[in-house]
1. Quick one: would you say Leu336 is farther than 17 Å from Leu236 by Cα, open to solvent by less than 20 Å² (accessible area, probe 1.4 Å), modelled with pLDDT of 80 or more and of a type in the set (A, V, I, L, M)?
2. Determine which member of the set Ile482, Ile419 is under 30 Å from Ile386 (Cα atoms) and either modelled with pLDDT of 90 or more or among the charged types (D, E, K, R) (or both).
3. What single numbered condition from (1) over 21 Å from Gly294 (Cα atoms); (2) at pLDDT below 85 fails to hold for Ile409?
4. Those residues that are open to solvent by 60 Å² or more (accessible area, probe 1.4 Å) and over 15 Å from Met510 (Cβ atoms), I need them from the range 446-462; list them, please.
5. Is at least one residue of the range 257-275 at pLDDT 85 or above, of a type in the set (Gly, Ala, Ser), surrounded by fewer than 23 Cβ atoms within 10 Å (Cβ to Cβ) and part of a loop (DSSP other than H, G, I, E, B)?
6. Out of everything in the range 43-76 that is at pLDDT 85 or above and within 16 Å of the ligand (Cβ to nearest atom), what residue ends up being least open to solvent (accessible area, probe 1.4 Å)?
7. Find all pairs meeting these conditions: Cβ atoms under 8 angstrom apart; at least six residues apart or on different chains; first residue within the range 500-515 and over 15 Å from Ile458 (Cβ atoms); second residue of a type in the set (D, E, K, R) and assigned to a strand (DSSP E or B).
Amino acid sequence: MYFRVFCGNYMTTPKGNTSLLPRPPIVVVMGHVDHGKTTLIDYIRKTNVAAKEAGGITQSIGAYEIEHPSTTSTGSGQASSFDKAQDKSGQAPKKITFIDTPGHEAFTKMRSRGATTADLAILVVAADEGVKPQTAEAIKILAETKTPYVVAITKIDRPGADLDKIKNDLTTHGVLLEGYGGNISYQPLSAKSGEGVNDLLDLLLLTAELENFTYDPKIQTSGYVLEAKRDKNRGLEVSVIVKNGILKRGQKIKVGSIGGKVKILENFLGKTVNELTPSSPAMIIGFDDLPAIGEEFAAGDDVEVQASGNQASAARSTNLSNHSPFVTEEEKGITLILKAENSGSLEALTATIQALTTHKPLVVKSSSVGEIYDGDVQLAVSTGSIIVAFHVKVNSAAKRLAETHKVKILESDIIYKLIEALQKMAEDTTPPPEGELEVLAIFNQMEPEKQVIGGKVIEGIFKNKRAFEIVRGETVIGKGRITNLQQNKADADQVPAGKECGMMVNSETMVKTGDHLVVRTA
Ligand code: GDP
């Protein structure tokens, strides 16, 4: 065991506030890719969620609770939701909540707001590799957010494992371990055999006792969104982690401008419950729209829910769209999450995609550098996006999540192959033409969004308010939308083939005589 000795009392509450109650620590696992984060998380879940309960975990809600015997205190801390089993030494187990997925992304997103979902972190460093770029980044984030952490030196069963090298490496990066000039606890372990994992859990409980995490049952309920998705049968499913107050069924709930009511409340095992106390993960059904992952929620009868679902939805799609005047709810584009190995290649990928003209607009929801994390997949699930990955790895948690939710990931180390794949996908989803018009006259082009033109419908039917492609020669050179359609100087809803018409159109491209405008069925 490598933990420090201390005298802490988990039940202690700060002076002057008698309403505070203890809550379990919320723990996130961080570190470099392939250093064993997912394997460690999986091992802890498999071995510490009571077998009969584990059967209840049908799908991840982003976090789960375990119970571990306390090695130091009287065990008076947490009321167990399980069977209050006593370990061999007669001590009641204590709860720990684990954020189910490696925490790098969640932390990075939230750090700008100075808030973090997790109370504690496990910094994973592989014994055969040492500190790598993402380890260094994790160390920086932990320092900036002042998050207490313990170090797990993983893969000690590997032939190349060298503990002394790792400790030196960590010292060089400012992580001063116990016995090496500092007070950061550490635990060598193997997530394969399980050796050392229980000791790591002891360390976490010890650190939690020192930190004395509490909540106030009397104040407004709050916490953070972990995952959000649309389920075909159940509607919007939003999982959250409660950090303060008490989350109750029937409460009003709000995330930013998105409101709702806790109609169904489930614990992390999928069991319906009436209320949940802090550090518990919860699944909520009752939001009016999908909130963003990492956002803070407030719940309670006095929460003011301002926007209706539709308003919130509209606000959100404006934020997320590429601000093109041609992207509307009606002609939903293909939404993309771009990932590339560095900012140079990300710029190249973004520029190439933006230059493409496809029938369905390509809307970039997010773009970032680095491997594909589960956070990217969660965003893809909640926004219905496709991930386009240029020269980057997909981490194992992300792979699993993508398989579960059937998220499409277009991957290649060659940019034109990605573009080809994207174009093919766009073509496959292109509906057939509904009508085609030849432009015969230009009446007014003072403003691109108010071009007045005349033409003859040569195929199908032309309908007012439709989006169109501008075809010059053989090439689609731009897009636009009909804002007013007239036949014989009177407003018209539609004009059939063989007839002439006038119209006002909105397009970034200046239409010319001889161009063909093509509208499609959807
Ligand atoms: P992550 O990217 O940090 O989540 O890393 P993973 O958990 O996916 O692990 C990367 C690889 O290392 C996988 O092939 C694991 O099986 C392996 N691995 C993880 N932990 C251990 C360990 O303690 N011992 C050994 N021998 N292999 C491990």
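The values are calculated or read from the model by the stated rules, or taken from the named source; none is laboratory data. Here the structure is a predicted model, which is why all the values come from computation and not from measurement. Glycine gets a Cβ as well: all are built from the backbone with ideal geometry, and neighbour counts include every protein chain shown. For the accessible areas, the whole protein counts, side chains as well, though only heavy atoms, and no ligand, DNA or RNA atoms are used. Shrake-Rupley method; radii C 1.70, N 1.55, O 1.52, S 1.80 Å.
1. Considered against the rule, which asks whether it is farther than 17 Å from Leu236 by Cα, open to solvent by less than 20 Å² (accessible area, probe 1.4 Å), modelled with pLDDT of 80 or more and of a type in the set (A, V, I, L, M), Leu336 comes out as yes.
2. Ile482
3. Single failed check for Ile409: (2).
4. If the condition is that a residue be open to solvent by 60 Å² or more (accessible area, probe 1.4 Å) and over 15 Å from Met510 (Cβ atoms), then Lys456, Ile458, Glu459 are the ones that fit.
5. For the range 257-275, residues at pLDDT 85 or above, of a type in the set (Gly, Ala, Ser), surrounded by fewer than 23 Cβ atoms within 10 Å (Cβ to Cβ) and part of a loop (DSSP other than H, G, I, E, B): present.
6. Ile44
7. Val505/Arg481; Asn506/Arg481; Ser507/Lys479; Ser507/Arg481; Glu508/Lys479; Thr509/Lys479; Lys512/Arg472
Here's the yes/no breakdown for (1) of a type in the set (D, E, K, R); (2) at pLDDT 95 or above:
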site	(1), (2)
Val151	no, yes
Ile166	no, yes
Gly174	no, no
Glu195	yes, yes
Lys218	yes, no
